[in-house]
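Visitor: Pasting in a structure now, in structure tokens, and then I'll have a few things to ask.
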Amino acid sequence: MKILVTGFDPFGGEPINPALEAVKGLAPVINGAEVIQLEIPTVFGKAAEVVKKAIEEHQPDVVLNIGQAGGRFTVSPERVAINIDDARIADNEGNQPVDEVIQADGAPAYFTQLPIKAMVTAIKEAGIPGSVSNTAGTFVCNHIMYQVQYLIEKEYPNLKGGFIHVPFIPAQVLDKANQPYMSLPDITKGLTAAISAIVEYDGKADLKAVGGAIH
């Protein structure tokens, strides 16, 4: 199995993006699967172009995008991407789409093909806080998750795609009161566990486990 794992460059005035740094720390082989690391820009449209080019070049079985979610406590696999860009802040090239459809002929939403319950279980078993997330936001993180799913529907029916959000690291919260954080080695450990579960559950049904949220 070949897994393309992407991490965004820093955005929003942050000097570092823990998603990218954690991806850089992944082993080249996890549970027998080849891991291909890719940095992508935090830019609407352009991020998808970079990922599509990498898909064409590497022909992976899985695309797993990783992004920063400041304020979250856990490593959180995403369940769904929605067909809307609604940027609270500008991306790294100054784009700030508001209430714009990502793909006019795309579905209102796409669900991941990845075993998110098994991934969360593996993350927790590795000693790292993990949880299912039911919203990837409306910034470039949701955008790239949606764009990959759109590519799956239109061009790559055998490909699987998904997204994981990760917390801030300690250096990012020195001047942010009451913000949760996680060490970079722990984030990488959580991602490694999640990827291992993706490999283990390939061709199998996901775990039937509680992972919903009240709100």
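Visitor: Can you tell me which residue within the range 24-52, out of those that are over 16 Å from the mean Cα position of the chain (by Cα) and in a helix (DSSP H, G or I), is surrounded by the fewest Cβ atoms within 10 Å (Cβ to Cβ)?
Guide: Taking the candidates together, the pick is Glu49.
Visitor: Could you grab me the full set of residues in the range 81-109 that are open to solvent by less than 20 Å² (accessible area, probe 1.4 Å), in a strand (DSSP E or B) and either without any contact (Cβ under 8 Å) to a residue 60 or more places away in the chain or not hydrophobic (A, V, I, L, M, F, W, C) (or both)?
Guide: Answer for the range 81-109, where residues must be open to solvent by less than 20 Å² (accessible area, probe 1.4 Å), in a strand (DSSP E or B) and either without any contact (Cβ under 8 Å) to a residue 60 or more places away in the chain or not hydrophobic (A, V, I, L, M, F, W, C) (or both): just Asp85.
Visitor: Just one of (1) under 16 Å from Ala193 (Cα atoms); (2) out of contact with any Phe, Trp or Tyr (no Cβ under 9 Å at 6 or more places or on another chain); (3) open to solvent by less than 10 Å² (accessible area, probe 1.4 Å); (4) of a type outside the set (A, V, I, L, M, F, W, C) trips up Gly7, so point out which.
Guide: Gly7 satisfies all of (1) under 16 Å from Ala193 (Cα atoms); (2) out of contact with any Phe, Trp or Tyr (no Cβ under 9 Å at 6 or more places or on another chain); (3) open to solvent by less than 10 Å² (accessible area, probe 1.4 Å); (4) of a type outside the set (A, V, I, L, M, F, W, C) except (1).
Visitor: Let me ask another. If I ask for residues that are out of contact with any Lys or Arg (no Cβ under 8 Å at 6 or more places or on another chain) and surrounded by 14 or more Cβ atoms within 10 Å (Cβ to Cβ), which ones from the range 163-182 would you list?
Guide: Within the range 163-182, Phe163, Ile164, Ile169, Gln172, Val173, Gln179, Tyr181, Met182 qualify.
Visitor: Within the range 145-156, identify whether any single residue is open to solvent by 40 Å² or more (accessible area, probe 1.4 Å), modelled with pLDDT of 95 or more and either in contact with a Phe, Trp or Tyr (Cβ under 8 Å, 6 or more places away or on another chain) or farther than 20 Å from Lys52 by Cα (or both), and answer yes or no.
Guide: Yes, the range 145-156 contains a residue that is open to solvent by 40 Å² or more (accessible area, probe 1.4 Å), modelled with pLDDT of 95 or more and either in contact with a Phe, Trp or Tyr (Cβ under 8 Å, 6 or more places away or on another chain) or farther than 20 Å from Lys52 by Cα (or both).
Visitor: Let me ask something else. For Thr121, which of the numbered conditions (1) under 18 Å from the mean Cα position of the chain (by Cα); (2) open to solvent by less than 40 Å² (accessible area, probe 1.4 Å) fails to hold?
Guide: Single failed check for Thr121: (2).
Visitor: Yes or no: the range 121-132 includes at least one residue that is free of Cβ contacts under 8 Å to residues at least 24 places away in the same chain and closer than 28 Å to Ala33 by Cβ.
Guide: Yes, because at least one residue in the range 121-132 is free of Cβ contacts under 8 Å to residues at least 24 places away in the same chain and closer than 28 Å to Ala33 by Cβ.
Visitor: I would also like to ask the following. Quick one: in the range 192-215, of everything that is among the β-branched types (Val, Ile, Thr) and assigned to a helix (DSSP H, G or I), which residue is most open to solvent (accessible area, probe 1.4 Å)?
Guide: Result: Thr192.
Visitor: Continuing with this model, one more query. Name the residue, out of Leu151, Leu114, that is part of a loop (DSSP other than H, G, I, E, B), among the hydrophobic types (A, V, I, L, M, F, W, C) and closer than 19 Å to Ile36 by Cβ.
Guide: Leu114
Visitor: Next question. Condition test on Lys189, is it open to solvent by 20 Å² or more (accessible area, probe 1.4 Å), in a helix (DSSP H, G or I) and of a type outside the set (Val, Ile, Thr)?
Guide: Judged against the criteria, Lys189 is a match.
Visitor: Please specify each residue of the range 53-67 satisfying the condition of being closer than 14 Å to Gln37 by Cβ and either surrounded by fewer than 17 Cβ atoms within 10 Å (Cβ to Cβ) or small (Gly, Ala, Ser) (or both).
Guide: Result: Ala54, Glu57, His58.
The values are calculated or read from the model by the stated rules, or taken from the named source; none is laboratory data. The structure displayed is predicted, hence computed values, not measured ones. All Cβ positions, glycine included, derive from the backbone under ideal geometry; neighbour counts span all protein chains shown. Just the protein is used for accessible areas: all its heavy atoms, side chains included, with ligands, DNA and RNA removed. Shrake-Rupley method; radii C 1.70, N 1.55, O 1.52, S 1.80 Å.
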